[in-house]
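K.L.:
Please find one structure pasted underneath; my questions will follow.
The values are calculated or read from the model by the stated rules, or taken from the named source; none is laboratory data. Since we're looking at a predicted model, the values are computed, not measured. Here the Cβ positions follow ideal geometry from the backbone for every residue, glycine too, while neighbour counts run over all protein chains shown.
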Amino acid sequence: MSLLKNRKPLPLAFMLLSVLYFIYVVSLGSSRMIGDEIGGDPGGMLLPLVLSIFMFIASTILFITDRADDAYRSGGVQRSQRGLFVLTIVVSILYVALMRHVGFIITTNTLLITLTFAYMREGVKREDLALWGGGVVGSLVLLIAIYTIGRRVTRYLLLASRQGVIPKFLGSNGMTFGITLVLVGILFALVYFAGKKLFSRYDAAAPIHALFQAGFIAMVSTELLYLIFRQLFLVELVRGLVSW
């Protein structure tokens, strides 16, 4: 009991959630791409399993090392932690439940921007709700636009290399991944500098800055996860509403 008393509850919640998510993923089984005769597709189970294991390791380290100090026990910090605790549980459950219907891109970006923004704001605040909603919509629009450009470039490289229009090696997994990564990296850099300039007129402590950072982190992380697992390692990810 003394161990639990001196620790914060949020890492423990992540530990339990990662275990439940691991069990859920295993219970669903794996799937492979149609036409995968050579066994190059490791199946759709790989990414969720890696994420659940990583989350369990990270939350365990936090649970062991992040002790509750006097300021935390005073009450104010505990209230904000409780709000973050509930938000984390609710959003994570929705992420698991909606993944197969809505798709990897939308659910992952929404999960990341929601949790990152809430943690940067150090709690769940009612006055941030409208700002958060606009941030989710804006980040999804930008992410889907960049994702679409990346997909078109990838498809062009694959088809053109097979038809002999461009050298065949440009259509390999590694080359399509590298070229697409450079392209989306440039696009994200443009988004970042444009956003910094757009929001520079706001006060440095304004929540819009935290939202922009959270949205940018969410977009880059989601696209990078997609490129690494889907294009480089050929892991089948759920497309959902973003079916192209």
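K.L.:
Quick check: anything in segment 132-153 touching a Gly at 6+ places or on another chain (Cβ under 6 Å) and free of Cβ contacts under 8 Å to residues at least 40 places away in the same chain? Steps first, please.
P.N.:
If we filter segment 132-153 for residues that are touching a Gly at 6+ places or on another chain (Cβ under 6 Å), which is where we start, we get 135, 139.
Those still in the list that are free of Cβ contacts under 8 Å to residues at least 40 places away in the same chain too: none.
Within segment 132-153, none of the residues are touching a Gly at 6+ places or on another chain (Cβ under 6 Å) and free of Cβ contacts under 8 Å to residues at least 40 places away in the same chain.
K.L.:
Please verify whether segment 73-90 includes one or more residues that are touching a Ser or Thr at 6+ places or on another chain (Cβ under 8 Å) and either modelled with pLDDT of 80 or more or under 22 Å from Arg230 (Cα atoms) (or both). Give the steps one after another, and end with the answer.
P.N.:
Taking segment 73-90 first, the residues touching a Ser or Thr at 6+ places or on another chain (Cβ under 8 Å) are 87.
Narrowing the set further to residues that are either modelled with pLDDT of 80 or more or under 22 Å from Arg230 (Cα atoms) (or both) leaves 87.
Among the residues of segment 73-90, at least one is touching a Ser or Thr at 6+ places or on another chain (Cβ under 8 Å) and either modelled with pLDDT of 80 or more or under 22 Å from Arg230 (Cα atoms) (or both), which makes the answer yes.
K.L.:
From the list Gly164, Gly135, which residue is surrounded by fewer than 19 Cβ atoms within 10 Å (Cβ to Cβ) and farther than 18 Å from Tyr226 by Cβ?
P.N.:
It is Gly164.
K.L.:
Among the residues of segment 232-244, is there at least one that is touching a Leu at 6+ places or on another chain (Cβ under 6 Å), among the hydrophobic types (A, V, I, L, M, F, W, C), in contact (Cβ under 8 Å) with a residue 60 or more places away in the chain and within 27 Å of Asp128 (Cβ to Cβ)?
P.N.:
No: segment 232-244 contains no residue that is touching a Leu at 6+ places or on another chain (Cβ under 6 Å), among the hydrophobic types (A, V, I, L, M, F, W, C), in contact (Cβ under 8 Å) with a residue 60 or more places away in the chain and within 27 Å of Asp128 (Cβ to Cβ).
K.L.:
So, in segment 167-185, exactly how many residues are surrounded by 14 or more Cβ atoms within 10 Å (Cβ to Cβ), hydrophobic (A, V, I, L, M, F, W, C) and in contact with a Ser or Thr (Cβ under 9 Å, 6 or more places away or on another chain)?
P.N.:
4
K.L.:
How many of the residues in segment 78-104 are among the charged types (D, E, K, R) and under 14 Å from the mean Cα position of the chain (by Cα)?
P.N.:
If we filter segment 78-104 for residues that are among the charged types (D, E, K, R), which is where we start, we get 79, 82, 100.
With under 14 Å from the mean Cα position of the chain (by Cα) added as a condition, the list becomes none.
Residues in segment 78-104 being among the charged types (D, E, K, R) and under 14 Å from the mean Cα position of the chain (by Cα): 0 in total.
K.L.:
Out of (1) assigned by TED's automatic domain parsing to the domain that holds Ile144; (2) closer than 25 Å to Thr107 by Cα; (3) not in a helix (DSSP H, G or I), what's the single condition that is false for Ser243?
P.N.:
So Ser243 meets the others, but not (1).
K.L.:
Just to be sure before I move on: is Leu181 in a helix (DSSP H, G or I) and free of Cβ contacts under 8 Å to residues at least 40 places away in the same chain in the structure I sent? So that I can check it myself, show each step before the final result.
P.N.:
Numbers: in a helix (DSSP H, G or I): yes; free of Cβ contacts under 8 Å to residues at least 40 places away in the same chain: no.
When the stated conditions are applied, Leu181 does not pass them.
K.L.:
In segment 220-231, which residue that is under 14 Å from the mean Cα position of the chain (by Cα) and in contact (Cβ under 8 Å) with a residue 60 or more places away in the chain is nearest to Ala145 (Cα to Cα)?
P.N.:
Glu223
K.L.:
So which of Thr222, Thr148 is buried (at least 16 other Cβ atoms within 10 Å of the Cβ) and of a type outside the set (A, V, I, L, M)? Reasoning before the result, please.
P.N.:
Values: Thr148 fails: buried (at least 16 other Cβ atoms within 10 Å of the Cβ).
On inspection, the qualifying residue turns out to be Thr222.
K.L.:
Looking at segment 199-211 only, could you name the residues that are farther than 15 Å from Ala130 by Cβ and touching a Phe, Trp or Tyr at 6+ places or on another chain (Cβ under 8 Å)?
P.N.:
First, the residues of segment 199-211 that are farther than 15 Å from Ala130 by Cβ: 199-205, 209.
Once the filter is applied, which keeps residues that are farther than 15 Å from Ala130 by Cβ and touching a Phe, Trp or Tyr at 6+ places or on another chain (Cβ under 8 Å), segment 199-211 yields Phe199, His209.
K.L.:
Among the candidates Ala118, Ala97, which residue alone is free of Cβ contacts under 8 Å to residues at least 24 places away in the same chain and either buried (at least 16 other Cβ atoms within 10 Å of the Cβ) or over 26 Å from Gly150 (Cβ atoms) (or both)? Break it down into steps so the answer makes sense when it comes.
P.N.:
Working: Ala118 fails: free of Cβ contacts under 8 Å to residues at least 24 places away in the same chain.
Among Ala118, Ala97, only Ala97 is free of Cβ contacts under 8 Å to residues at least 24 places away in the same chain and either buried (at least 16 other Cβ atoms within 10 Å of the Cβ) or over 26 Å from Gly150 (Cβ atoms) (or both).
K.L.:
Would you point out which residue out of Ala204, Ala189 is exposed (fewer than 14 other Cβ atoms within 10 Å of the Cβ), aliphatic (A, V, I, L, M) and assigned to a loop (DSSP other than H, G, I, E, B)? Walk me through it before giving the result.
P.N.:
Numbers: Ala189 fails: assigned to a loop (DSSP other than H, G, I, E, B).
On inspection, the qualifying residue turns out to be Ala204.
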